[in-house]
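Just below is one structure, and these are the notes that go with it.
Values in this text are rule-based calculations from the coordinates and carry no lab data. These numbers were taken from a predicted model, which means no experiment stands behind them. Cβ: placed from backbone, ideal geometry, glycine included. Neighbour counts: every protein chain shown.
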């Protein structure tokens, strides 16, 4: 779905003037259709997430995802797990270590996944700031997985992930989804919940798996109302 300036402003909770300024400065992904500025919803969400701009999951899902049961972020993290003291000295070696740890079907080509994640980072870092990165496949359907997984990895040593704020990354959420619809649903939720103070504090402490899941479930329940 293509969005207007007004649509984009509503999703990002900013004024129309701010969106126009971003367009003029070529900061936000956009294109022109019959002299009107338009935005791709998926590109807009990726851009907002990479800049740590919270996008309301309610607004996103109501307009784009429609009806139907989608997995919660808590369910996806339960499936993917929490891993501590992951090794690596740079972006490439950390991603390789994480790919080796992901809970994926045997049929998934992990080397292929690793190369896709590297290619995604070359388009722009998934480091969103404050020590967090969200490496993911931009086109999830290429992996042919049946269920989404989100894996939370805490690094043994913080590394430079070329994040916008310049801070090293030590916390990574890796998203693997069966469909673009599920991917965008989980990405929007994660981007929003990463602004939750209790969840941020649990990540800073590198709390236990059970505590992180409990705090996440509470934060996600608040979204669902």
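Can you pull a Stokes-Einstein diffusion coefficient for the stretch 81-213 at 25 °C (0.890 mPa s), Rh from Kirkwood over Cα pairs, as a whole number of µm²/s?
On the way: Rh = 14.9 Å.
For the chosen part, D equals 165 µm²/s.
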Worksheet item: Top mean-square fluctuation among 173, 112, 192, Gaussian network model of the chain, C-alpha springs under 10 Å?
Response: 112
Worksheet, complete the sentence: the stretch 97-202: relative contact order from alpha carbon pairs under 8 Å, six or more residues apart, as a whole percent, is 26 percent
Practice prompt. Give the Debye-formula value of log10 I(q)/I(0) at each listed q (0.12, 0.17, 0.18 Å⁻¹), with one equal scatterer per alpha carbon of the chain, two decimals each.
Written response: -0.64, -1.30, -1.44
Discussion item. Between residue 34 and residue 13, what is the label-point separation in nm under the 7 Å Cα-to-beta-carbon projection?
Written reply: 3.3 nm
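Stokes-Einstein D for the stretch 2-50 at 25 °C, 0.890 mPa s, Kirkwood Rh over Cα pairs, in µm²/s? Write out the running numbers ahead of the final one.
Working: Rh = 10.6 Å.
Stokes-Einstein gives a translational diffusion coefficient of 232 µm²/s.
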Item to complete: Could you work out how far helix 209-224 tilts from the main Cα principal axis of the chain, as a 0 to 90 degree angle to the nearest 10?
Response: 20 degrees
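Can you tell me the relative contact order of the chain? Whole percent, Cα pairs under 8 Å, sequence separation 6 or more.
On the way: 361 pairs, mean separation 47.7, N = 225.
Relative contact order, the chain: 21 percent.
Summing -39500 (n - 2.57) over the DSSP H runs of n ≥ 4 in the chain and dividing by its residue number, what mean residue ellipticity at 222 nm do you reach, to the nearest 500 deg cm²/dmol?
On the way: 10 runs with 103 residues, N = 225.
When only DSSP H runs of four or more count, the value is -13500 deg cm²/dmol.
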